[in-house]
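Here the structure comes first, spelled out in structure tokens, and everything after it is commentary.
The values are calculated or read from the model by the stated rules, or taken from the named source; none is laboratory data. This is a predicted model, so every value here is computed, not measured. Note that each Cβ is placed from the backbone with ideal geometry, even for glycine, and that neighbours are counted across all protein chains shown. SASA here: full protein model, heavy atoms, side chains in, ligands and nucleic acids out. Shrake-Rupley method; radii C 1.70, N 1.55, O 1.52, S 1.80 Å.
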Amino acid sequence: ARLGVLVSGSGSNLQALLDACARADYPAEVACVVSNVPTAYALERARRAGVPAMALDSKAAGSRGAFEQSLLETLRAANVEWVCLAGFMRLLSADFLTGFPGRVLNIHPSLLPSFPGLHAQRQALERGVKVAGCTVHFVDAGTDTGPIVAQAAVPVLPDDDEASLSARILAEEHKLFPLAVRLAVTGKVSLEGGRTRVAAPP
Ligand code: GRF
């Protein structure tokens, strides 16, 4: 399966997907990487992996519609079948999502539905939860609200701060995203009534 990976920042989740795709038995390849931030280090990671990488500056694009139109054209031109949001910090409209119905996956650093939106790790610390984690979900027009594909949990330790908790969650993200993408692209995840039914991972 051909993945289009959208990024905005350092790209460590992109790197996890690139590393997974480098294994012969992994059923996907990264066809292109698009960043809305021209200076994102994630673009450097893509170039090092020999994957076509480009920036579509969402600020320069004029309007959200224009940005999403050029994004759709770029993904279609690369024959992308699945879109993976890997630290992509923009909401995508319902119009964009109709371009890839049921084919857009996002990773979020909390156990959704808890702590959607920004600074999820900080929200967890401030709420005083003892277990945190990350979620891969199908993207719908809401903010981190789509059907859940997979989750991983980590303990919150008494001396944790935002950095230590984020690092612990990020390590789990790097395992969870490739696993969830494998499940999705191999048809192991079905959507029924807004909920997913996931066949056992291999
Ligand atoms: C990750 O924590 C991801 O869950 C969140 O933003 C961070 C992106 O990190 N959406 P990276 O760019 O993949 O390193």
Gain on full stretching of the segment that runs from Tyr26 to Ser70 - 0.36 nm per residue minus C-alpha separation: 12.9 nm
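Which whole-number percent gives the relative contact order of the chain, counting Cα pairs below 8 Å spaced six or more residues apart? Can you show the working numbers first?
Numbers: 390 pairs, mean separation 37.7, N = 202.
Value for the chain: 19 percent.
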DSSP beta bridges in the chain [antiparallel fraction, %, rounded to 5]: 50 percent
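Expressed as cubic angstrom per residue, what is the convex hull volume of the alpha carbon set of the range 1-90? Show your work: numbers first, answer last.
Details: hull volume 6.8 nm³, N = 90.
Roughly 76 Å³ of hull volume per residue.
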Could you pull out every one of the lysines with an alpha carbon less than 30 Å from that of Lys59, ignoring same-chain neighbours closer than 8 positions? none
Any chance you could check the Cα centroid distance between the range 107-131 and the range 152-200 for me, in angstrom? 13 Å
Unit Cα scatterers, Debye sum, the chain: log10 I(q)/I(0) for q = 0.09, 0.15, 0.17 Å⁻¹: -0.32, -0.92, -1.18
Express in Å², to the nearest 10, the accessible area of Leu157 obtained by rolling a 1.4 Å probe over the protein heavy atoms while all chains stay in place. 70 Å²
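Given R₀ = 22 Å, FRET efficiency for Arg48-Asp95 by Cβ-Cβ distance, to 0.05? Let's see the in-between values first.
Working: r = 33 Å, r/R0 = 1.50.
Working from the Cβ atoms, E equals 0.10.
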Correct semi-axes for the range 129-202, from √(5λ) of the alpha-carbon gyration tensor and rounded to whole Å with the largest first, are 26, 14, 10
